Amino acid sequence: MAIVLISPVLDLPQIYTKPSGTDILRALDLLTIKPRSFATTPHEPAKRRSVQSAGISRYLTSIISSPLSWLDSDELREAVWDAAGARLSERSGRAAMRAMTRIFSIPSSTGEEFTLTLHEPSITADNLGMKTWVSSYLLSRRLHSILDATPQLIPSESTAPKNNRTLRALELGSGTGLVGMSFAALHGKTASIHLTDLPEIVPNLAHNVALNVELLTRTAATVTTGILDWSFTPDKPPTHEEQYDLILAADSLYSPNHPKWLTNAIDQWLSRGLDARVIVEMPLRDAYLPQIEEFRQRMANLGLAVVEEGEEVGYDDWETADGGAVEVRCWWAIWGWSEKL
Ligand SMILES: C[S@@+](CC[C@H](N)C(=O)[O-])C[C@H]1O[C@@H](n2cnc3c(N)ncnc32)[C@H](O)[C@@H]1O
């Protein structure tokens, strides 16, 4: 049976009519929900053929529960069940998605954009760092303007190596590495950055650094990766030489312990130097507003003050089953030691 496409609605080949494997696979392909770009505006129309969302899950379930006995081979049956299962999990949200590799364009102060390729394995609620989140995309895109406006973060050949050190930067909770690698590519050889996360996230983070080795080599950036758990306090505190001039963090406040742990890590690893800075960007999701408030309070208790802050709006990269965009308001802030401001 042929798939009947009556634009803009797709009529699905019904299982009781015993459609061919090719027809079912073609229909399942048209039902794919793809990640939207973070940059997409909610007014941009979805580029896929529209289908009536009501009943799709029931349709997919009818395929999975059918023996598909009229199809020619076990391979074809497996392919159809796999595709139907994938479409069903896409409709359960990003957390149920399979692995994907994505390309992000990041502007630089010359007006040109560079691209970073990031692998995102499938994720569960326990390993959110396998995905790239909207606030890291927004922060990466505005990083060049923050760096341009913060001269102490751009050591030139003449100013930086006062003590023969390039700017040392640390990213906490790097996830897939978008912010840290954007910083590295923008800064080039005048800075080094250490991208860190929990043990289960670091292998993919290191893989992503390897994926972008050509860009990072071209810009002469020094990027390393490693494990850094914010809740851990080493017996011997880091020395001044081991501390960092700049700490970056995006979307890192989403559990009651995070404000305490994140500020614990900042306290240990941020240099007490005059120009030391912390740059954060966090989504203002209702459930986590108390964590943001507590984070502000704890930063102030450490002696850090906001140098500059603002809000901006992005869109989750995951559209709803009916193609809608989810707006996410994000807060960004730059902090420095208050007695030195
Ligand atoms: C929501 S993800 C954000 C990832 C990335 N910054 C982004 O915005 O795309 C939060 C990240 O914080 C990491 N994380 C959570 N708790 C942590 C801890 N105690 N120590 C270190 N990293 C942690 C997670 O593993 C995850 O990579």
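Every number in this text was worked out from the coordinates using simple rules, so none of it is lab data. Computed from a predicted model, the values in this text were never measured in an experiment. Positions of Cβ are generated from backbone atoms using ideal geometry, with glycine treated the same way; all protein chains shown enter the neighbour counts.
Can you compute the modelled spin-label distance between residue 17 and residue 274, with each label point 7 Å from Cα toward Cβ, in nm?
For the pair residue 17/residue 274, the computed spacing is 7.7 nm.
If you keep only loop residues by DSSP, which trypsin sites (Lys or Arg not before Pro) in the stretch 269-341 have at most 13 other Cβ atoms within 10 Å of their Cβ?
Answer in residue order: 272.
Starting from 0.36 nm per residue, how many nanometres of slack lie between residue 297 and residue 210 once their C-alpha separation is accounted for?
Here the answer is 27.5 nm.
Points 7 angstrom from Cα along the Cβ direction at residue 217 and residue 312: gap in nanometres?
With each label point 7 Å from Cα toward Cβ, the separation is 3.1 nm.
Excluding residue 205 itself, what net charge comes from residues whose Cβ is under 13 Å from its Cβ, given Lys and Arg +1 and Asp and Glu -1?
Surrounding charge for residue 205 is -3.
In a Debye calculation with equal point scatterers on the alpha-carbon sites of the stretch 100-340 and no solvent, what is log10 I(q)/I(0) at q = 0.08, 0.11 Å⁻¹?
Rounded to two decimals, the profile gives -0.27, -0.53.
Among the GluC sites (Glu not before Pro) within the stretch 224-296, which fall in a DSSP loop and have no more than 10 other Cβ atoms within 10 Å of their own Cβ?
Counting only loop positions with at most 10 other Cβ atoms within 10 Å, the GluC sites (Glu not before Pro) in the stretch 224-296 are 241.
Where does each of 137, 315 land when they are ranked from fewest to most other beta-carbon atoms within 10 angstrom?
Arranged by neighbour count, lowest to highest, 137, 315 become 315, 137.
For residue 62 and residue 284, compute 0.36 nm times the residue count separating them, minus their Cα-Cα distance, and round to one decimal in nm.
76.0 nm
Restricting attention to the stretch 186-290, which chymotrypsin sites (Phe, Trp or Tyr not before Pro) occupy a DSSP loop and are surrounded by at most 13 other Cβ atoms within 10 Å?
232
Tell me, in nm to one decimal, what length is gained between residue 122 and residue 145 on full extension, where the rule is 0.36 nm per residue of separation less the Cα-Cα distance?
Residue separation times 0.36 nm, minus the Cα-Cα distance, leaves 5.0 nm.
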